[in-house]
2 protein chains.
Amino acid sequence: MAQLRIALAQVNSTVGDLDGNAGTVVEWTRRAAGAGAHLVAFPEMMLTGYPVEDLALRASFVEASQTALEHLARRLADEGLGDLPVVVGYLDRRTVGLVRPGQPAGAPLDAAAWLHGGEVLVRSAKHHLPNYGVFDEYRIFVRGDRLPVVRVHGVDVATAICEDLWQDGGPVSAAAAAGAGLLLSINASPYERDKDDTRLDLCARRAREAGCALAYVNLVGGQDELVFDGDSVIVGADGALLARAPQFTEHLLVADLALPAYPVEPQTVAEPLDDLAEVYAALVLGTRDYVRKNGFRSVVLGLSGGIDSALVATIASDAIGPENVHAILLPSRYSSEGSVLDAEDLVKRQGVNARTVPIAPMVEAFEAQLDLHGLAAENLQARIRANVWMGLSNEHGHLVLTGGNKSELATGYSTLYGDSAGGFGPIKDVFKLTVWELARWRNTQTGRSTPFLHPFAEEPIPEAILVKEPSAELRPGQRDVDSLPEYAALDPVLTDYVERDMGRDALIAAGHDAALVDRVIRLVDLAEYKRRQYPPGPKITPKNFGRDRRLPITSRWRER
Amino acid sequence: MAQLRIALAQVNSTVGDLDGNAGTVVEWTRRAAGAGAHLVAFPEMMLTGYPVEDLALRASFVEASQTALEHLARRLADEGLGDLPVVVGYLDRRTVGLVRPGQPAGAPLDAAAWLHGGEVLVRSAKHHLPNYGVFDEYRIFVRGDRLPVVRVHGVDVATAICEDLWQDGGPVSAAAAAGAGLLLSINASPYERDKDDTRLDLCARRAREAGCALAYVNLVGGQDELVFDGDSVIVGADGALLARAPQFTEHLLVADLALPAYPVEPQTVAEPLDDLAEVYAALVLGTRDYVRKNGFRSVVLGLSGGIDSALVATIASDAIGPENVHAILLPSRYSSEGSVLDAEDLVKRQGVNARTVPIAPMVEAFEAQLDLHGLAAENLQARIRANVWMGLSNEHGHLVLTGGNKSELATGYSTLYGDSAGGFGPIKDVFKLTVWELARWRNTQTGRSTPFLHPFAEEPIPEAILVKEPSAELRPGQRDVDSLPEYAALDPVLTDYVERDMGRDALIAAGHDAALVDRVIRLVDLAEYKRRQYPPGPKITPKNFGRDRRLPITSRWRER
């Protein structure tokens, strides 16, 4: 009976870093060879990173990817790894066939290649291009039109790319028709909360439909605004789970397939994380990779004594170590004594670097010349704080982290060029109630050796910060509930309105209070309106009158 | 012989303002009836405005558009205009036929309707969806599948929408096959510089292919980052130009078609503007509509005495009147005496509101606590200036205009949260050499009655500003050429690299100096990299981990 040992390299590639990503392929291919694998597979767009956005439309970037692929094939052979077939995602272009007006410039392909014996043996490309939610692929790719089947160690292996697996018919049916023994799916599938086990269920179903085993390798790591959670799996032809990689970490998942498939021996079958652990891990990984992939080593952030900046400081300590975190305490005339003491307590518990810069003298210098009232006076303080941390960022090269949570951002409860100023917002995707939950959860992990957490000696977040009433402290006695509904009421409506895109009627039908619904919709729509009135700063546009270039935020690739 | 008097309503609609846009349709239909037209046509997505971006994915917005269309048909009849057929663009959805997984939520359609006798008679939708450059339509629309032909006054009129006209085959061939007497094309086609007469050439060619007259109505006005220039045309079956509307202004273009077509009587045939006049008009219209459609009446801007802020102030005066422009002079210890005097001279010439706020005391308050050097110290000054104009914006409700030109933005020669802070950058799409050309051109218009210009009594821009060497004045003796190549050398390379997306080899093959090419590519790529490290402020994302919502910047539509 045919036997195949397959290795899935669940690794972290970086957009634009062709050399670095190729090095990762070589290193993990060597590991797979050491594990006796007959085949090793890497994620979608491994060589270029994902998402590449409009970089795919630059001819010189496509050519750089093609060249890097050829070099990689030769290098693998030169380093004695030429006998092990490698499946790797990369960026290619269509050179034959129909070129339509209006299709993406240069006809780029989200491609996969088989490398063997120093050569690129087979090339194919993604058929189904996702174009919803976070995906934009109709803009930058054309569709592939073939499904390669390659015989490895007596087994016919068909390859499909990411979205191809989600579509009925298409590549899965073709694999079944071709009588493949293994369907190999390479992916860059971003993390979403509450996704349950959609991917595993899908893999099991597709394996049964295709009548063969299915191996699903996913990217891991943060890239720009997205986090990829890994969670690669291998299932048998009956849909049974054979092996599963841990989430949010690089892993070589190796499994022996006997065909027709049955579990030969128990392989790595990682347990999915609990909900809060999963979210916290995503935030740590997203923050760490944003810092690292943008070439920073340290961060600076304002520490107010409130829960949001406390959680951001903790995530930063977990992501890059407290010795690389620089907290700035910026008390004003409206800061309570408690806030300053609580911030100092956190600094001591975590061992982050800290510095206190009272802002009263700067505020007074502005007020001597400008007569500002109400919101204008509140915003001034927030902007002076931002000037301080941006100055320290420019002087010392730290990345600025911002502390806004999703409840605040959605309702516009923040200052443009003030507390919202910075490069990355670790908790921008987390509603306020979850901020509290995550902070409490993080404290419970003290003393345990959770792999993605820093081993603090005591609870990193002071209890006083967990229990205090939220306030921006920009005027005397200010409280969040002066401007917003209680978070316990606000967050469920925000979730349905912002995340589920439910309209007013649907929100009320779902049981939300009508007056609250109207208030929340007003807040969110007004905030969105104002945010868009002040679209962020400088942009350059490819046309002389037009919109922003859409390039990935981090890009290691240069024209030269 | 069949005769038809057609009216094209080249009007300015606002995204999200369903009531206001419907009012525009009624008003211009009344004008068309007064002109004896047998048919009046409005631009693509007239009722919703264009571009609607991800608003198309909100069920409640689609329903609001559908309802507004029915109301509009009844209102036209109620106001005695029911006999005049009206073709109008709006947002609809597909309710029958294939609904595919992965297609835009709710299957929205970029639709057109014929209104007559109080009813919606015929509905159709755009077939070819542009998805390149500034367009994103695969993301938000599904394709139409029918081409209506309606007999009006004895003439068979086929309707097509925008991109449909640009594609070979498709609707144009179908119109020919249907033996239509008139192909009516409704559009929202944005302005580009140097587009020559592509649209007219296309209309002439399609008319000959379809063997019938062709009427092309385009949107006019600024919307978010785009400007629509109008330039609606009517050509005969032989491709000859029968009528042409002026650019950048609302206009009812009326023409008599005798079929087979020949010019019955000379109609309005506007002359296209010269290059600089055209660009300047686009900047004035883009600025005016950004201010107006965002609900502002006045603007605030920093006036340094340099050419960029001088041109921005002048464009603002032309767009909304000098009485609504608030210039802030923010001299520092490094500002030359000449800069202050030149800025004051401009204020006097234009009659804008002005105020001087020396920034030295604020700078000193920061320096007393922070030890900043080099770029960090320079950026601090720029950010203090931004704090001042943002404070005045918050206090008085002015929109902040920024002064960056495209040469600066492309090379990163600006300060994040500093001079780049603001809601709209009137010259962000203009390279520095063109800034000088436009300023000189504007001065030559003094005393002429150019429709889109304010009638200043003297040249609005002092000669001293036109001839001085560019400097940011953030340190003693600073000049732009300390950091950048001379603009005369820089701008041509930027044009080819940024606008034409040429790679290094292509740039050198095109005759650019290799060392200069490498320097410019380094500057642009580094600027883009840094800009993307600091993606702008607060964003909310529809998924709990994901990207920004893509909504239009200005949106008058609210959930309720």
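Please go through segment A:502-527 and give me each residue that is part of a loop (DSSP other than H, G, I, E, B) and over 16 Å from A:A489 (Cα atoms), ordered by number.
Result: A:M502, A:G503.
Could you check segment B:1-51 and list, in sequence order, the residues that are small (G, A, S), within 18 Å of B:R288 (Cβ to Cβ) and open to solvent by 10 Å² or more (accessible area, probe 1.4 Å)?
Listed by number, the list holds a single entry, B:G20.
Filter segment A:349-360 down to residues that are assigned to a helix (DSSP H, G or I) and more than 10 Å from every other protein chain (Cβ to nearest Cβ), then give me how many there are.
The total comes to 2.
Suppose we keep only residues that are buried (at least 21 other Cβ atoms within 10 Å of the Cβ) and within 14 Å of another protein chain (Cβ to nearest Cβ) within segment B:140-176. Which one would you say is farthest from A:F135 (Cα to Cα)?
The extreme case among them is B:V172.
Output the number of residues of segment B:52-85 satisfying the condition of being over 20 Å from B:P148 (Cα atoms), out of contact with any Leu (no Cβ under 8 Å at 6 or more places or on another chain) and open to solvent by 20 Å² or more (accessible area, probe 1.4 Å).
So the answer is 12.
Output the number of residues of segment B:387-404 satisfying the condition of being touching a residue at least 40 places away in the same chain (Cβ under 8 Å) and either basic (K, R) or at negative phi (or both).
Applying the first criterion (touching a residue at least 40 places away in the same chain (Cβ under 8 Å)) to segment B:387-404 yields B:388-389, B:392-393, B:396-404.
Remaining after also requiring either basic (K, R) or at negative phi (or both): B:388-389, B:392-393, B:396, B:398-404.
The qualifying residues number 12.
List the number of the failed condition for B:Y216; all other conditions in (1) in a strand (DSSP E or B); (2) within 22 Å of B:T450 (Cβ to Cβ); (3) not aliphatic (A, V, I, L, M) hold.
That leaves (2) as the condition not met.
Considering only segment A:372-486, give the helices (runs of 4 or more DSSP H) lying wholly within it that have at least 2 residues that are over 28 Å from B:E395 (Cα atoms) and not polar (S, T, N, Q).
Output list reads A:374-396, A:432-444, A:463-467.
Wholly within segment A:104-189, which strands (runs of 3 or more DSSP E) include no fewer than the required count, namely at least 3 residues that are more than 23 Å from the chain's Cα centre (by Cα), closer than 21 Å to A:R58 by Cβ and touching a residue at least 12 places away in the same chain (Cβ under 8 Å)?
none
Results for (1) touching a Leu at 6+ places or on another chain (Cβ under 9 Å); (2) assigned by TED's automatic domain parsing to the domain that holds A:V291; (3) over 18 Å from A:A282 (Cβ atoms), shown as yes or no for each residue.
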{"site": "A:L214", "(1), (2), (3)": "yes, no, yes"}
{"site": "A:D229", "(1), (2), (3)": "yes, no, no"}
{"site": "A:S232", "(1), (2), (3)": "yes, no, no"}
{"site": "A:R244", "(1), (2), (3)": "yes, no, no"}
{"site": "A:E250", "(1), (2), (3)": "no, no, no"}
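Checking A:V363 against (1) at the interface with chain B (Cβ under 7 Å from one of its Cβ atoms); (2) not in a loop (DSSP other than H, G, I, E, B), only one condition comes out false. Which one?
Unmet for A:V363, out of (1) at the interface with chain B (Cβ under 7 Å from one of its Cβ atoms); (2) not in a loop (DSSP other than H, G, I, E, B): (1).
How about segment A:265-294: which of its residues are in contact with a helix residue (DSSP H, G or I) (Cβ under 8 Å, 6 or more places away or on another chain), of a type in the set (A, V, I, L, M) and either more than 24 Å from A:G321 (Cα to Cα) or in a loop (DSSP other than H, G, I, E, B) (or both)?
Hit for segment A:265-294 is A:L273, nothing else.
Quick one: what pairs do we get from segment A:447-458, first residue on the phi < 0 side of the Ramachandran plot, second of a type in the set (K, R), C-beta under 7 Å, 6+ apart or different chains?
Note: pairs meeting the criteria are A:F456/A:R349; A:E458/A:R349.
I'd like the residue in segment B:180-209 that is among the polar types (S, T, N, Q) and away from chain A (no Cβ under 14 Å) and, out of all such residues, is farthest from B:R5 (Cα to Cα). It would help to see each step written out before you state the result.
Step one: list which residues in segment B:180-209 are among the polar types (S, T, N, Q), which gives B:185, B:187, B:189, B:198.
Imposing the further condition that a residue be away from chain A (no Cβ under 14 Å) reduces the set to B:185, B:187.
Values: B:S185: 16, B:N187: 20 Å.
Of everything passing the filter in segment B:180-209, B:N187 is farthest from B:R5 (Cα to Cα).
Listed here are the residues, each with its yes/no results for (1) under 30 Å from A:N294 (Cα atoms); (2) more than 8 Å from chain B (Cβ to nearest Cβ); (3) modelled with pLDDT of 70 or more; (4) surrounded by 20 or more Cβ atoms within 10 Å (Cβ to Cβ).
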| position | (1), (2), (3), (4) |
| --- | --- |
| A:K468 | no, yes, yes, no |
| A:Q478 | no, yes, yes, no |
| A:R500 | no, yes, yes, no |
| A:D505 | no, no, yes, no |
| A:I521 | no, no, yes, no |
| A:I540 | yes, no, no, yes |
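In segment B:268-275, is there at least one residue being of a type in the set (V, I, T), within 30 Å of B:V235 (Cα to Cα) and modelled with pLDDT under 95? Steps first, answer last, please.
Within segment B:268-275, the first condition is being of a type in the set (V, I, T), and the residues that meet it are B:268-269.
Checking which are within 30 Å of B:V235 (Cα to Cα) leaves us with B:268-269.
Pick out the ones that are also modelled with pLDDT under 95 and you get B:268-269.
Scanning segment B:268-275, I find at least one residue that is of a type in the set (V, I, T), within 30 Å of B:V235 (Cα to Cα) and modelled with pLDDT under 95, so the answer is yes.
Could you please find all residues in segment A:50-99 being away from chain B (no Cβ under 14 Å), touching a helix residue (DSSP H, G or I) at 6+ places or on another chain (Cβ under 9 Å) and assigned to a loop (DSSP other than H, G, I, E, B)?
Those that are away from chain B (no Cβ under 14 Å), touching a helix residue (DSSP H, G or I) at 6+ places or on another chain (Cβ under 9 Å) and assigned to a loop (DSSP other than H, G, I, E, B): A:E79, A:G80, A:L81, A:G82, A:D83, A:L84.
Going through segment B:120-143 one residue at a time, which ones are of a type in the set (G, A, S), at pLDDT below 90 and on the phi < 0 side of the Ramachandran plot?
Residues satisfying the conditions do not exist here.
Taking segment B:134-157 as the region of interest, how many residues are of a type outside the set (V, I, T), closer than 16 Å to B:C212 by Cα and in contact with a Pro (Cβ under 7 Å, 6 or more places away or on another chain)?
Within segment B:134-157, residues that are of a type outside the set (V, I, T), closer than 16 Å to B:C212 by Cα and in contact with a Pro (Cβ under 7 Å, 6 or more places away or on another chain) number 1.
The values are calculated or read from the model by the stated rules, or taken from the named source; none is laboratory data. No experiment lies behind these values; they were computed from the predicted model shown. Note: ideal-geometry Cβ built from the backbone for every residue, glycine included; neighbour counts use all protein chains shown. Surface accessibility is based on the protein's heavy atoms, side chains included, excluding ligands, DNA and RNA. Shrake-Rupley method; radii C 1.70, N 1.55, O 1.52, S 1.80 Å.
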